Amino acid sequence: MLADKSLVLVGAGRMGGAMLRGWLELGLDPARVCVIEPFPSPELAALCAKSGASLNPAAPPAAPDALVLAVKPQTLDAAAPSLGALVGPGTLVLSIMAGKTIADIAARVPAAKAIVRAMPNTPAAVGRGISGVCASRDVSEGQRALAHALLSAIGSVEWLAGEDLIDAVTAVSGSGPAYVFLLAECMAVAGEKAGLPRDVAERLARATVEGSGELMRQDAGKTPAELRVAVTSPGGTTAAALHVLMGPDGLGSLMDRAIAAATRRAAELSG
Ligand SMILES: NC(=O)c1ccc[n+]([C@@H]2O[C@H](COP(=O)([O-])OP(=O)(O)OC[C@H]3O[C@@H](n4cnc5c(N)ncnc54)[C@H](OP(=O)(O)O)[C@@H]3O)[C@@H](O)[C@H]2O)c1
């Protein structure tokens, strides 16, 4: 899918850099990749030099198959004027900028017609992210498949029925890694209160979250609820903890409020 595609990547920081590494591993022809990044990190410069991808050429190639926008949202206005000249009639514009709508991009880069907006998350850095994705009406089936392939380089891809769902995606998976890190934090703090040395509690909590995530990945046929039930003996220690966690003011209602707050904030930030 990617081998014969030409691509311009605008912004190669954490996310853009992770995508670039993934594309090259998936077989995108480096000779057809151009990276625009005002302050390339030494790692990015080395990757481009080693692979042969062009970095900050004087004249970036016009009308690539895909133009990927991975700059910070607040940078879009500054970057937009130079982007218009790069977009051809068949160019897919794929944006991962948080809070920038398809309409925002179309307004700033009028040449862009086929626009895909994606919300990835930070596990993208290790190829294990997930992106919620929506497309403008002008995106063809081929361009949809291209966007899917490009995003697959950093993890799973979930197509959404409409752009209005992006704020909820932001709240669940975009911000979600922080919730999981907090879970490990809270488990460690509570373990220390239960008498464990702090460093031991931290290692136990961390390894538990890591290992449980891996189990969930390997046992993808089971729902998280099924996995939970499978490790909960009636009347046992896990059941005692879950009785608290699943009580009326437990994790379910806390998570409802947290996701609702993040969804509202995402809407405010893109409004
Ligand atoms: N990180 C996440 O979890 C996450 C999740 C979902 C979506 N996103 C979105 O992904 C995008 C990138 O995030 P990130 O974490 O990768 O940010 P980042 O590390 O700051 O990367 C953005 C890069 O774009 C560069 N840049 C700035 N102006 C430019 C221009 N005019 N032309 C080309 N490149 C330019 C920046 O250079 P300088 O550093 O020199 O300014 C920086 O290297 C953001 O829009 C963010 O909203 C991120």
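The values are calculated or read from the model by the stated rules, or taken from the named source; none is laboratory data. Owing to the predicted nature of the structure, the values given are computational and were not obtained by experimental measurement. For neighbour counting, all protein chains shown are included, and Cβ atoms are generated from backbone atoms with ideal geometry for every residue, glycine included. Keep in mind that these areas ignore ligands, DNA and RNA; they rest on the heavy atoms of the full protein, side chains included. Shrake-Rupley method; radii C 1.70, N 1.55, O 1.52, S 1.80 Å.
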- Note on the structure: Exactly one of Ala66, Ala70 is more than 15 Å from the ligand (Cβ to nearest atom), within 23 Å of Asn121 (Cβ to Cβ), assigned by TED's automatic domain parsing to the domain that holds Leu146 and surrounded by 13 or more Cβ atoms within 10 Å (Cβ to Cβ), and that one is Ala66
- Item | First in region 42-70 and within 23 Å of Gly142 (Cα to Cα), second anywhere and more than 15 Å from the ligand (Cβ to nearest atom) and open to solvent by 60 Å² or more (accessible area, probe 1.4 Å), Cβ under 9 Å, 6 or more apart | Pro61/Arg32; Ala63/Pro89; Pro64/Arg32; Asp65/Asp4; Asp65/Arg32
- Note on the structure: A careful count of residues in region 91-105 that are touching a residue at least 60 places away in the same chain (Cβ under 8 Å) and either assigned to a loop (DSSP other than H, G, I, E, B) or closer than 17 Å to Ser152 by Cα (or both) gives 5
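Let's see how each residue does on (1) touching a residue at least 60 places away in the same chain (Cβ under 8 Å); (2) within 24 Å of Thr91 (Cβ to Cβ):
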{"position": "Ile130", "(1), (2)": "no, no"}
{"position": "Val139", "(1), (2)": "no, yes"}
{"position": "Ala145", "(1), (2)": "yes, yes"}
{"position": "Ser175", "(1), (2)": "yes, no"}
{"position": "Met187", "(1), (2)": "no, no"}
{"position": "Arg198", "(1), (2)": "no, no"}
{"position": "Ala205", "(1), (2)": "no, no"}
{"position": "Gly211", "(1), (2)": "no, no"}
{"position": "Lys222", "(1), (2)": "no, no"}
- Note on the structure: When region 119-156 is checked residue by residue, the ones that are open to solvent by less than 30 Å² (accessible area, probe 1.4 Å), more than 16 Å from Ala98 (Cα to Cα) and not hydroxyl-bearing (Ser, Thr, Tyr) are Val139, Gln143, Leu146, Ala147, Ala149, Leu150, Ala153, Ile154, Gly155
